[in-house]
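Colleague: Quick one: the structure is below, and I'll ask about it shortly.
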Amino acid sequence: MRVAISLDERSRALFAARLDRGDVVYCPANGDQLRRLARAGAIDVAVVDVFHPTDVLWPDRLREVSVAVPQLSIIGVVEPRRPSLHEAAAFAREISSMGFVSRPDARFDHLARRRATDTSASFARTLLDCVDPLPLADVGRDFALLQALRPSWAFDIPEQAAALGSGRRKLERWFQGPDICSARRLQSICVAGEALFLRFEHRLPDREIAGAVGILTHDGAPSPAGVAREVRAVFGEYRQAIRERRMEAVAEAMRIELRRAHDAGKAPARWGPFTRYSPAEHVLAVRKEGVLVLVNPARELEHPLDEFAADAWDLVTRGATFEQLTADLTSLRSEDRYRVRWRLREWLGEAVVLGLIRRGRGDESVAEGA
């Protein structure tokens, strides 16, 4: 196998050590050198830094190479930093032959052996579509992007939180504001979704799938039984739908599970009738092209509101309680009370996590988002 590795010196040595002794390794210093190697048919695999520190044309060169040499397998090395995550997400949506890793491990082995075909290298594009609408911000959103790009059980929550510059408790709090799954559950959903993608689309055996998604035994060997167990734990109740509609049903099930509160008997955010809501400090409401948008200039954050949220915001500016919001919106919109409560909880949870709304008890107003 002929492999081009375009990484810093330390990372290059680690990935090269993972290859077989007979593999040929090239070390292109920039996008132009990588492009020449690819167009000459000199390489089968390219292991590249997603965010190149010196080559400003690096993203364009990778896109050019993927179009000019579609049979080339491209492996992007993602770092737990926001620029790298955002660049990788853009690549995942545009370059179907590109898979992602964070370190030289069993997932890297799988992607390096794979040959580019009409089938996408991973389920990352759909996973990103599923996690993008979640009401997460800051380290919570970074964590979700990381799971969607390289779903793997080989990384535990404390390890990933530390890599993202956070602690486990702080990370978990970003998932406790809105009514959505926990961080661990999100990781599990992404891993199970990727496993089914590799089973249905790539027709891989469970042993190889286990290595690709980091489901390993205590001694580090791939665990085929663990793959079946993980898929069953996440998608067990959707078994019939998945059998009939395959990946379409998997994507639908993922969206439901990601929105399912991790403690169904107790909402992670407080929605008591006397909980009072008010705009957070420095948040402004402005109209842009006919749409009401909440703006926090200090954080360079803009959050557009749909018709329901715009009606709710008008009441929030008066410091209404949850019970008042529910009653007034039910009357104003002539909608079912239970539907109003459900939509209100979803929107308020998102707004609290984004720091646009403050939540307090009685006359007290405190931020409790994350």
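Colleague: Taking the residues in the stretch 166-176 that are without any contact (Cβ under 8 Å) to a residue 40 or more places away in the chain and open to solvent by 60 Å² or more (accessible area, probe 1.4 Å) as candidates, determine which candidate is farthest from the chain's Cα centre (by Cα).
Modeller: Arg169
Colleague: Could you identify the single residue in Arg81, Arg39, Arg21, Arg35 that is in contact with an Asp or Glu (Cβ under 8 Å, 6 or more places away or on another chain), on the phi < 0 side of the Ramachandran plot and among the basic types (Lys, Arg)?
Modeller: Values: Arg81 fails: in contact with an Asp or Glu (Cβ under 8 Å, 6 or more places away or on another chain); Arg39 fails: in contact with an Asp or Glu (Cβ under 8 Å, 6 or more places away or on another chain); Arg21 fails: in contact with an Asp or Glu (Cβ under 8 Å, 6 or more places away or on another chain).
Criteria check complete, one pass: Arg35.
Colleague: Sticking with this structure for a sec: So in the stretch 50-65, with the set limited to residues that are over 23 Å from the mean Cα position of the chain (by Cα) and either open to solvent by 60 Å² or more (accessible area, probe 1.4 Å) or not charged (D, E, K, R) (or both), which one is nearest to Asp138 (Cα to Cα)? First the steps, then the outcome.
Modeller: We begin by selecting, within the stretch 50-65, every residue over 23 Å from the mean Cα position of the chain (by Cα); these are 53-58, 60-61, 64-65.
Keeping just the survivors that are either open to solvent by 60 Å² or more (accessible area, probe 1.4 Å) or not charged (D, E, K, R) (or both) gives 53-54, 56-58, 60, 64-65.
Details: Pro53: 23, Thr54: 26, Val56: 26, Leu57: 28, Trp58: 26, Asp60: 28, Glu64: 32, Val65: 33 Å.
Going through the qualifying residues, I end up with Pro53.
Colleague: Condition (residue is open to solvent by 20 Å² or more (accessible area, probe 1.4 Å) and touching a Lys or Arg at 6+ places or on another chain (Cβ under 7 Å)) applied to the stretch 78-88: is it met by at least one residue? Working first, answer last.
Modeller: Restricting attention to the stretch 78-88, the residues satisfying the condition of being open to solvent by 20 Å² or more (accessible area, probe 1.4 Å) are 79-83, 86-87.
Filter again for touching a Lys or Arg at 6+ places or on another chain (Cβ under 7 Å), leaving none.
Taking every residue of the stretch 78-88 in turn, none turns out to be open to solvent by 20 Å² or more (accessible area, probe 1.4 Å) and touching a Lys or Arg at 6+ places or on another chain (Cβ under 7 Å).
Colleague: Do you know which residues across the stretch 143-195 are of a type in the set (D, E, K, R) and touching a Pro at 6+ places or on another chain (Cβ under 7 Å)?
Modeller: First, pick out the residues of the stretch 143-195 that are of a type in the set (D, E, K, R): 150, 156, 159, 168-170, 172-173, 179, 184-185, 194.
The answer is Arg168, Asp179, Glu194.
Colleague: Looking at the stretch 1-50, what strands (runs of 3 or more DSSP E) fall wholly within it and have at least 2 residues that are closer than 17 Å to Arg63 by Cα?
Modeller: Values: elements: 2-6, 24-26, 45-49.
Answer list for the stretch 1-50: 2-6, 45-49.
Colleague: Something else: Answer with yes or no whether Pro70 is of a type outside the set (Asp, Glu), open to solvent by less than 60 Å² (accessible area, probe 1.4 Å), part of a loop (DSSP other than H, G, I, E, B) and under 19 Å from Arg2 (Cα atoms). Before you say what the answer is, go through the steps one by one.
Modeller: Numbers: of a type outside the set (Asp, Glu): yes; open to solvent by less than 60 Å² (accessible area, probe 1.4 Å): no; part of a loop (DSSP other than H, G, I, E, B): yes; under 19 Å from Arg2 (Cα atoms): yes.
The answer is no for Pro70.
Colleague: Can you say whether Val47 is open to solvent by less than 20 Å² (accessible area, probe 1.4 Å), at pLDDT below 95 and closer than 24 Å to Ala124 by Cα, as far as the supplied structure shows? Walk me through how you get there before you give the answer.
Modeller: Working: open to solvent by less than 20 Å² (accessible area, probe 1.4 Å): yes; at pLDDT below 95: no; closer than 24 Å to Ala124 by Cα: yes.
In short, no.
Colleague: Can you confirm whether Leu196 is within 13 Å of the chain's Cα centre (by Cα) and crowded, with 21+ Cβ neighbours inside 10 Å?
Modeller: Details: within 13 Å of the chain's Cα centre (by Cα): no; crowded, with 21+ Cβ neighbours inside 10 Å: yes.
Taking the combined requirement at face value, the residue does not satisfy it.
Colleague: May I pose another question? Just the residues that are more than 24 Å from the chain's Cα centre (by Cα) and open to solvent by 70 Å² or more (accessible area, probe 1.4 Å), please, taken from the stretch 301-316. Lay out the reasoning, then the answer.
Modeller: From the stretch 301-316, those more than 24 Å from the chain's Cα centre (by Cα) are 307-316; that's our starting set.
Within the stretch 301-316, Glu307, Asp314 qualify.
Colleague: Something else now. List the helices (runs of 4 or more DSSP H) inside the stretch 101-191, counting only whole elements, that have at least 2 residues being of a type in the set (Lys, Arg). Can you show your working first?
Modeller: Details: elements: 106-113, 124-131, 138-149, 157-163, 168-176.
Counting at least 2 such residues, we get 106-113, 168-176.
Colleague: Shifting gears a bit: I'm checking my understanding of the structure. Among residues of the stretch 266-290 that are open to solvent by 80 Å² or more (accessible area, probe 1.4 Å) and not in a strand (DSSP E or B), which one is modelled with the lowest pLDDT? Spell out the reasoning first.
Modeller: Quick first cut of the stretch 266-290, residues open to solvent by 80 Å² or more (accessible area, probe 1.4 Å) only: 266, 270, 274, 281-282, 284, 287-289.
Of the ones still in play, those that are also not in a strand (DSSP E or B) are 266, 270, 274, 281-282, 289.
Numbers: Lys266: 44, Arg270: 49, Phe274: 71, Glu281: 85, His282: 86, Glu289: 88.
Among residues in the stretch 266-290 that are open to solvent by 80 Å² or more (accessible area, probe 1.4 Å) and not in a strand (DSSP E or B), the one modelled with the lowest pLDDT is Lys266.
Colleague: When you scan the stretch 97-104, do you find a residue that is under 22 Å from Ala163 (Cβ atoms) and open to solvent by 60 Å² or more (accessible area, probe 1.4 Å), even just one? Even if it seems obvious, please write down each step before you answer.
Modeller: Going residue by residue through the stretch 97-104, those that are under 22 Å from Ala163 (Cβ atoms) are 98-104.
Next, from what is left, pick out any that are open to solvent by 60 Å² or more (accessible area, probe 1.4 Å): 103.
Yes, the conditions are met somewhere in the stretch 97-104.
Colleague: Could you run through the stretch 116-152 and say how many residues are crowded, with 19+ Cβ neighbours inside 10 Å and more than 26 Å from Trp347 (Cα to Cα)?
Modeller: 10
Colleague: Another question, then. So the check is Cβ under 8 Å with 6+ separation or different chains; which pairs have a first residue in the stretch 68-82 that's touching a residue at least 12 places away in the same chain (Cβ under 8 Å) and a second one that's open to solvent by less than 10 Å² (accessible area, probe 1.4 Å) and aromatic (Phe, Trp, Tyr)?
Modeller: Ile75/Phe100; Ile75/Phe108; Gly76/Phe91; Gly76/Phe100; Val77/Phe15; Val77/Phe100; Val78/Phe100
The values are calculated or read from the model by the stated rules, or taken from the named source; none is laboratory data. Predicted model only: the values in this text are computed from it and were never measured. Please note: Cβ atoms are built from the backbone with ideal geometry, for glycine as well, and neighbour counts cover all protein chains shown. With ligands, DNA and RNA removed, areas are computed over all heavy atoms of the protein, side chains included. Shrake-Rupley method; radii C 1.70, N 1.55, O 1.52, S 1.80 Å.
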